[in-house]
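Working notes, beginning with the structure itself.
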Amino acid sequence: MNEPRDASVFETDDEELPTLTPAQIWRSLGAVIASVFAASLTFSICMPLLVLILERRETEPWLIGLNTAATPAGLLLFTLIMPRIVERLGTMRALYLGFILMILSVVLLPVFDNIWAWFPIRFLMGVGIAIHWVVSETWINTLVDNRIRGRVMSIYVTAMSAGFLGALPILLIVGSEGPEPFFIIAAALAIGVMPLILARDLAPHIKAHTGFGIFAAIRRAPATMLAALTDGFVFAAIFSFFLIYVQREGYTEQGALTLLIVLSVGNVCLQYPVGMIADKYDRRVLLIIFAMLIAVFTAVFPFTLGDPFLSWPLLFLWGGVLGGIYTCGLALVGQRFSRKELAPANATFIFVYELGHLTGPPIAGFAIALWDPHGLIVLAVSAGVVFALFATIRHVSQRGKDSA
C-alpha cells in the first residue's frame, strides 16, 4: 500500500532495541502501567476539583467549561508536535519531562489562584499528560506480541480507569478546599515516576524519521480511529452530564454519585475479561458489538432507574463496555501497525479520542437543551449506532483484507 509520507514521525528502531528476557519485559511493562495510574489520577482529580472551586466562586458556567477545555487542548496540540521533541530527548527524558510538567502545573494551581492564570497552567498539564500518554502506550505496544496484546492493554486501561475511580473517594475524604488535594496529586505523581526510573534501562528507543504519519494512520485504519473518536465522545458526554441527568430524574446528589461509582467500578473491573476476549476473537467484530451494546445499555438505562437490582448490573456492564472499546482499539493499533509505525499510530489514536473528549460535552449540553434531560441518551445511542454501521460496512467491504 503506497501512501504519502509525512516529514516527521516516530519510529522504533529495531536494531537499537535490547534483547529482553520475559522477566525484563514484564518488569518494563509493569513500570509503565504503574505510572499511568498516577497520571490518570492527576487528570481525574483536577477536573472536578477545579470545577467545584470555580462553582463555589460563582463563576459563569461557560467560563468554567472554557477553562476545563484548556487541558485537552494542550493534549490535542502536543500529540501533533511531539515526534520532534521525543527525537531530541529520547524515551526516558521525554517521560521525565511529562511528569515534571504535570507536577509543576499541579503545584502552580494553588499558588496562582486565579481562573485566568489557570488557562496556561492547565494547558501545560495537558502537554505533560500527552507526553506520558503517547510514549507509554507506544512503549507497551512495542514490547508485546499479538497473542497477549489484548490482555496487556486491558491491564493498562484498568490502571488508567482505576486512576479515574480513585479521584472520587479522595475528593470525598479531603474535600475541595485548601491546598491539600493539590499536594496529594503532586505526591502521587512523584511516586508514580519511581517505577520508570527503576526500569529506565528497559525502555525501547523511540526516534523521529521520515515515514508514516498521522493522516496515513487514519487512512490505514479508519474504523479503529473512529472507534476512539466515538468512545471519547460518548465517555466524555456521559461522565460530564451523568450526575445532572440522574438528579433531574429524581435522585439525590449522593444517590447519583453512587450510580456513577458503580459505572466507574465496571469500567475498572471488566477490562481484563475484555482483553481475554480480544485475544481470542476478531477485534474488529468486537468493536462493532461493543458499540451496539453502548447503544442498547444507554437506551435501556432510563427505564431501570428506581430499581437498583436492574440499574446497578446495567451500569456495571455499561462502564465495562465503555472502557472495552478503548482496550480493544489499542490492541488493534498494535496489531495493525508495524513497530516503526506504532508511535504515530498511538498518537493518532489518542488525538482522535481526545477530540471526542473535547467535543462530547458541549454537543451533549446542546442536546440536553433541546430535550431535557433525555437529549443525552439520544446522543449517546446515536453515536453508538452510527459507529457500528460504519464499522460493519467497512468490515464487510474489506473482508479477507488486513484492514480496520
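Assorted remarks:
- Relative contact order for the chain, counting Cα pairs under 8 Å that sit 6 or more residues apart, in percent: 28 percent
- Global form of region 122-246, assessed from the alpha-carbon gyration tensor, a/c cut-off 1.5: oblate
- Between the exposed loop cleavage positions of the chain, defined as trypsin sites (Lys or Arg not before Pro) in a non-H, G, I, E, B DSSP state with at most 16 neighbouring beta-carbon atoms within 10 angstrom, the longest gap is 148-398.
- Put simply, the Cα atoms of region 6-397 extend 61, 55, 37 Å along their principal axes, the longest span coming first.
- Computing FRET efficiency as 1/(1 + (r/R0)^6) for VAL385 and VAL285, where r is the C-beta to C-beta distance and R0 is 25 Å, gives about 0.95.
- Longest exposed-site-free window of the chain, the sites being GluC sites (Glu not before Pro) in a DSSP loop that have at most 15 other C-beta atoms within 10 Å: 250-404
- When the alpha carbon gyration tensor of region 20-100 is reduced to an equivalent ellipsoid, its three semi-axes come out at 33, 17, 8 angstrom, largest first.
- Cα convex hull, region 277-404: 112 Å³ per residue, rounded to a whole number.
- For region 210-362, diffusion coefficient by Stokes-Einstein and Kirkwood Rh (Cα), 4 °C, 1.567 mPa s, µm²/s: 80 µm²/s
Since every read-out is calculated from the coordinates, none of them should be taken as a lab result. All values derive from a computational prediction rather than experimental measurement. Neighbour counts run over all protein chains shown; Cβ positions are idealised from the backbone, glycine included.
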